[in-house]
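Chemist: Sharing a structure with you now.
Taken together, the values in this text are just the output of simple stated rules run on the coordinates, not laboratory data. Worth saying up front: this structure is predicted, and the values here are computed from it rather than measured. With ideal geometry, Cβ positions are generated from the backbone for all residues, glycine too; neighbour counts draw on all protein chains shown.
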Amino acid sequence: MTEITLNNITFGYNAEMVLNNISLTVKQGEFVVAVGPNGAGKSTLLKIIAGLIEPSAGQVLIDNQSIRTAARQGIIGYVPQHYAQNTAAFPATVEEVVALGLVNANGNLKAKGTKHIIKHMMEMVGIEKLKGRRIGELSGGQQQRVMVARALAGNPRLLLLDEPTSGIDYAASARIHELLGQLNTTLGITIIMVSHDIENAIRFAAKVACINRSLCFFGDSQEFHSTHASMRHLWYYSGYTS
């Protein structure tokens, strides 16, 4: 398990502000969903937490250490937006794609017992029967399960997912959210997920972060549902790009 602290995170592209002074703490083992209108900075914030881009101001700490230190320790698993669709054209099997999660920064396998780990990850997300299929032959929901298995193969303590249910139907989205809820409960992995499927997300996520350039809400998912979900800033973009 791991804890993430964001201190006054600010980010902009040239003169345009994307994120403005965001501070929050995600405790060990929590499942947090980030919601908000298109273009309001959710994916940008996730990339900052993943260490892919640096904030203009502020600091991200993971277990009271820098993102770079956490990344070197293999703490972070990241599933970017549309990754499954972009990978679908590759002539790779499900098993081969999951195995990529065990490749370190130097291009080498970073764990012994590779076959056992890959098998276990596929079983965990329910795709073991698909291991010999090419990823492009799978449905959108199946592809996303492969991407989750790939991220889990590296044994992360923090799992970051950017719109993992984008482009799949409601039923498949519900199954992905349920899977993530089960992983959070059984493995104790801290999860931060960007999602537009608010109805399914808040069934399994303990907390909601509503982002529209700044932090509009951060708290219990049921409180969000009862008092906040219909408020204007959740649905209407504030005018900046991300």
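Chemist: Quick one: if you stick a label point 7 Å off each Cα along the C-beta vector at T10 and V103, how many nm between them?
Modeler: 3.9
Chemist: How long is the gain from L61 to Y170 if the chain were fully straight, where each residue apart is worth 0.36 nm and the alpha carbon distance is subtracted?
Modeler: 35.8 nm
Chemist: Next up: Long-range amide H contacts for A34: which residues qualify at under 5 Å (H placed 1.01 Å from N, peptide plane, sequence gap of 5 or more or a different chain)?
Modeler: Correct list: M193, V194, S195, A209.
Chemist: Would you mind getting me the FRET efficiency between R133 and H225? Use the beta-carbon distance for r and R0 = 45 Å, nearest 0.05. Numbers along the way, then the final one.
Modeler: Working: r = 38 Å, r/R0 = 0.84.
The pair R133/H225 has a calculated efficiency of 0.75.
Chemist: Amide H to amide H, which residues 5 or more places from C216 or on other chains are under 5 Å from it, using H placed in the peptide plane?
Modeler: Answer set, sorted by chain and number: C210, I211.
Chemist: Once you place label points 7 Å from the Cα toward the Cβ at A71 and F90, how far apart are they in nm?
Modeler: The answer from the label model is 1.9 nm.
Chemist: May I pose another question? For S43, S195, S226, what ranking results if the residue with the fewest other Cβ atoms within 10 Å of its Cβ goes first? Present the calculation step by step, with values, prior to reporting the outcome.
Modeler: Working: S43 19, S195 25, S226 10.
Ranking S43, S195, S226 by Cβ neighbours within 10 Å, fewest first, gives S226, S43, S195.
Chemist: Each residue of the stretch 90-98 in order: what ³J(HN,Hα) in whole Hz does its phi give by Karplus 6.51 cos²θ - 1.76 cosθ + 1.60, θ = phi - 60°, with x for Gly and Pro?
Modeler: Residue by residue, the stretch 90-98 yields 6, x, 10, 7, 4, 4, 5, 5, 4 Hz.
Chemist: Can you run phi through the Karplus equation (6.51, -1.76, 1.60; θ = phi - 60°) for the stretch 65-70 and list ³J(HN,Hα) in whole Hz, with x for Gly and Pro?
Modeler: 9, 5, 4, 4, 5, 4
Chemist: Check which residues have an amide H placed less than 5 Å from G29's amide H, if you skip close sequence neighbours.
Modeler: Under 5 Å from the amide H of G29: T2, T190.
Chemist: Please give the calculated 222 nm ellipticity per residue for the chain, where each DSSP H segment of at least 4 residues contributes -39500 (n - 2.57) and the sum is spread over every residue; nearest 500 deg cm²/dmol?
Modeler: -10000 deg cm²/dmol
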